[in-house]
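Asks: This structure is in structure tokens; I'll ask about it shortly.
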Amino acid sequence: MTYLWPTIVCTKKQDLWVFDEEFQDGTSVVDEPLMHEATALIDRVIASKYDYVPDKIVITYSEDDYLKDTAEVILDWESNCGEASYYRDRISSNRVWLCPVLQRMDCFGGKKPKTFYVYIDDYEVFYN
């Protein structure tokens with residue numbers, strides 16, 4: 001199934017949301033963790049939507065401001081941290097560290113996005 005915006009499917013391992021991704025260049029990551037700040041932000045969104053914690057979630061993300069009105073997280077680039085970056089969520093004001101895998105995502109074309117929009121769904125809800 002193809003969607004208009006990119007998605008990642010995450011599961012929780014050792015209290016962190018993790019995902020697998022295969023890039024257009026043929027490389028991949030497996031069980032790539034979304035570190036503590038990102039996991040906390042995801043958990044906050046999930047708690048506001050569901051009265052349970054899903055086993056799997058789908059994160060839709062894009063620089064396309066069409067998603068601005070429905071985004072549950074809006075991340076604005078704040079500063080570099082080596083090859084990684086700090087972002088600030090406009091909605092919660094939380095600061096989030098994101099690793100260099102972010103800019104490897106095919107939709108970002110090797111660049112750190114200045115702003116991107118995030119929507120989080122239970123995997124079962126998203127695909128049914």
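Asks: Only one of Asp15, Asp51, Asp31, Asp55 is touching a strand residue (DSSP E or B) at 6+ places or on another chain (Cβ under 7 Å) and free of Cβ contacts under 8 Å to residues at least 60 places away in the same chain. Can you tell me which? Please lay out each step first, then the result.
Replies: Values: Asp15 fails: touching a strand residue (DSSP E or B) at 6+ places or on another chain (Cβ under 7 Å); Asp51 fails: touching a strand residue (DSSP E or B) at 6+ places or on another chain (Cβ under 7 Å); Asp55 fails: free of Cβ contacts under 8 Å to residues at least 60 places away in the same chain.
Testing whether each residue is touching a strand residue (DSSP E or B) at 6+ places or on another chain (Cβ under 7 Å) and free of Cβ contacts under 8 Å to residues at least 60 places away in the same chain leaves just Asp31.
This table checks each residue for (1) under 22 Å from Tyr66 (Cα atoms); (2) outside any helix (DSSP H, G or I); (3) of a type in the set (Asp, Glu); (4) modelled with pLDDT under 95.
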{"residue": "Met1", "(1), (2), (3), (4)": "yes, yes, no, yes"}
{"residue": "Val9", "(1), (2), (3), (4)": "yes, yes, no, no"}
{"residue": "Asp20", "(1), (2), (3), (4)": "no, yes, yes, no"}
{"residue": "Asp31", "(1), (2), (3), (4)": "no, yes, yes, no"}
{"residue": "Glu37", "(1), (2), (3), (4)": "no, no, yes, no"}
{"residue": "Leu41", "(1), (2), (3), (4)": "yes, no, no, no"}
{"residue": "Ala47", "(1), (2), (3), (4)": "no, no, no, no"}
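Asks: Looking for something under 25 Å from Ile91 (Cα atoms) and of a type outside the set (S, T, N, Q) - is there at least one such residue anywhere in the stretch 18-25?
Replies: First, the residues of the stretch 18-25 that are under 25 Å from Ile91 (Cα atoms): 18-19.
Filter again for of a type outside the set (S, T, N, Q), leaving 18-19.
Among the residues of the stretch 18-25, at least one is under 25 Å from Ile91 (Cα atoms) and of a type outside the set (S, T, N, Q), which makes the answer yes.
Asks: So which residues in the stretch 106-128 are in a strand (DSSP E or B) and among the hydrophobic types (A, V, I, L, M, F, W, C)?
Replies: Within the stretch 106-128, the subset in a strand (DSSP E or B) is 115-122.
Matches in the stretch 106-128: Phe116, Val118, Ile120.
Asks: Considering only residues that are surrounded by fewer than 16 Cβ atoms within 10 Å (Cβ to Cβ) and either among the β-branched types (Val, Ile, Thr) or out of contact with any Lys or Arg (no Cβ under 9 Å at 6 or more places or on another chain) (or both), which ones fall in the stretch 101-115?
Replies: Scanning the stretch 101-115 gives Asp106, Cys107, Gly109, Lys111, Lys114, Thr115.
Asks: Further question: Identify all residues within the stretch 116-128 that are aliphatic (A, V, I, L, M) and exposed (fewer than 15 other Cβ atoms within 10 Å of the Cβ); write none if there are none.
Replies: Val125
Asks: Is at least one residue of the stretch 51-61 under 20 Å from Asn94 (Cβ atoms) and either exposed (fewer than 15 other Cβ atoms within 10 Å of the Cβ) or not β-branched (Val, Ile, Thr) (or both)?
Replies: Checked the stretch 51-61: at least one residue is under 20 Å from Asn94 (Cβ atoms) and either exposed (fewer than 15 other Cβ atoms within 10 Å of the Cβ) or not β-branched (Val, Ile, Thr) (or both).
Asks: Suppose we keep only residues that are of a type in the set (Phe, Trp, Tyr) and exposed (fewer than 14 other Cβ atoms within 10 Å of the Cβ) within the stretch 1-40. Which one would you say is farthest from Val125 (Cα to Cα)? Break it down into steps so the answer makes sense when it comes.
Replies: Quick first cut of the stretch 1-40, residues of a type in the set (Phe, Trp, Tyr) only: 3, 5, 17, 19, 23.
Still in the running and exposed (fewer than 14 other Cβ atoms within 10 Å of the Cβ): 3, 23.
Details: Tyr3: 15, Phe23: 26 Å.
Among them, the one singled out is Phe23.
Asks: Any residue at all in the stretch 96-105 that's assigned to a helix (DSSP H, G or I) and in contact with a Gly (Cβ under 9 Å, 6 or more places away or on another chain)?
Replies: yes
Asks: For Asp43, all conditions in the list (1) loosely packed, with under 13 Cβ neighbours inside 10 Å; (2) free of Cβ contacts under 8 Å to residues at least 40 places away in the same chain hold save one; what is the number of the exception?
Replies: Condition not satisfied by Asp43: (1).
Asks: Oh, and also: Could you count how many residues in the stretch 69-94 are within 19 Å of Ser48 (Cα to Cα) and at pLDDT 95 or above? Full working, then the answer.
Replies: Taking the stretch 69-94 and keeping what is within 19 Å of Ser48 (Cα to Cα), we get 69-75, 89-94.
Now drop any that are not at pLDDT 95 or above, which leaves 71-75, 89-94.
Qualifying residue count for the region: 11.
Asks: Quickly run through the stretch 58-113 and pick out the residues that are free of Cβ contacts under 8 Å to residues at least 40 places away in the same chain and among the β-branched types (Val, Ile, Thr). It would help to see each step written out before you state the result.
Replies: Initial filter on the stretch 58-113 (free of Cβ contacts under 8 Å to residues at least 40 places away in the same chain): 66, 69, 76-88, 90-91, 93, 100, 102-103, 109-112.
Ile91, the sole residue that qualifies.
The values are calculated or read from the model by the stated rules, or taken from the named source; none is laboratory data. Everything numeric in this text was worked out from a predicted model, so none of it was measured. Please note: Cβ atoms are built from the backbone with ideal geometry, for glycine as well, and neighbour counts cover all protein chains shown.
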